[in-house]
Each structure stands twice: as C-alpha cells, then as structure tokens.
Amino acid sequence: MAEDPINQQQFADDVLAATQDDGSFAGNLGDPNGNMKLPSVDEVWKLIEQMEGISDEERASIRENLYNPQEGTAEDFMKRYAAQPAMGHTSWDYIIFFTMLAIILAIFALFGYKLYKSLMSKELKKQEKLKQKQSKKSKKVN
C-alpha cells in the first residue's frame, strides 16, 4: 500500500471525512483543531446502550461503575492489588511437576535397562554359539 498513491489518498480522504465535526461520526470526541472534549457520563452510557453483545448484567455493572465510581487513590488501588495472591506457581505445582518428571525418567530408565539386558543376552548367546562351532570344528579336524 505504501507504493499505491490512489489508495493512500482514498484512506486520507476517509480519515478526514470521519473526523469532520458534523456529528455523524460517533467516535468523534474532539474538533478538527485537535481540542479534545471528554464525553459526559450520559453520552458514554448512551453509547454503551447501543452496543450489541453485552449482557444485561454487564450493562448493570458498567452503569453502576459509571454513575458511582469507586473512590480512592492510586495508592489504594496498589494496596488492593498487592493484597491479592500472586498468580505464580505454588510449591505443590513444583512437587507435581518434579514427581511426573521422575516417573517419566524412571520409565525410560526401566526400558533402557531392559533393552541393554536383552542386547547383552543376545550377544552372549552369539558368542556361545560361535564357541560351540569352533569347538566342533576343532573336534572334526582332530
């Protein structure tokens, strides 16, 4: 799009049309000169009422928060936030993790041991067979 001046001009025109202070754009909270005007609580509530996909319970909660905001400072908020339990891992989480890891390692060790034992057994049988063949050859030759 950076190389397409027609689309860039169309986009610029659309943005300019959306920011005109004719009242047709619901998101326009300021004038074209950049002076921002915060909407009143009633204006915000009217916008919320027009929103789709919000349940009645959510609307009631938003209305309560709009018309009766919680009093307090940033320090009060931080105290409430710090009082909440941390969302980190507990010691039980680590115990369960290491237990599962130990079980998996034990299973791999068991299968590895069984495989080693089987291979060694086959190797011994092979050597015994070779010795028997050599002893039969030596008896035949004598």
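The values are calculated or read from the model by the stated rules, or taken from the named source; none is laboratory data. Note that the structure is a prediction, hence the values are computed from the model and not measured. Every residue, glycine among them, receives a Cβ derived from its backbone with ideal geometry; neighbour counts consider all protein chains shown. When the accessible area is computed, the model is the full protein with side chains, heavy atoms only, and any ligands, DNA or RNA have been set aside. Shrake-Rupley method; radii C 1.70, N 1.55, O 1.52, S 1.80 Å.
A few points about this structure:
- For the range 91-141, the Stokes-Einstein estimate of translational diffusion at 10 °C and a viscosity of 1.306 mPa s comes to 111 µm²/s, using the Kirkwood hydrodynamic radius over alpha-carbon pairs.
- In Å², nearest 10: area of Lys117 left accessible to a 1.4 Å probe: 110
- At an R0 of 35 angstrom, the distance between the Cβ atoms of Ala109 and Leu130 translates into a FRET efficiency of 0.65.
- Projected label distance in nm at Ala102 and Leu66, using a 7 Å step from Cα toward the beta-carbon: 5.7
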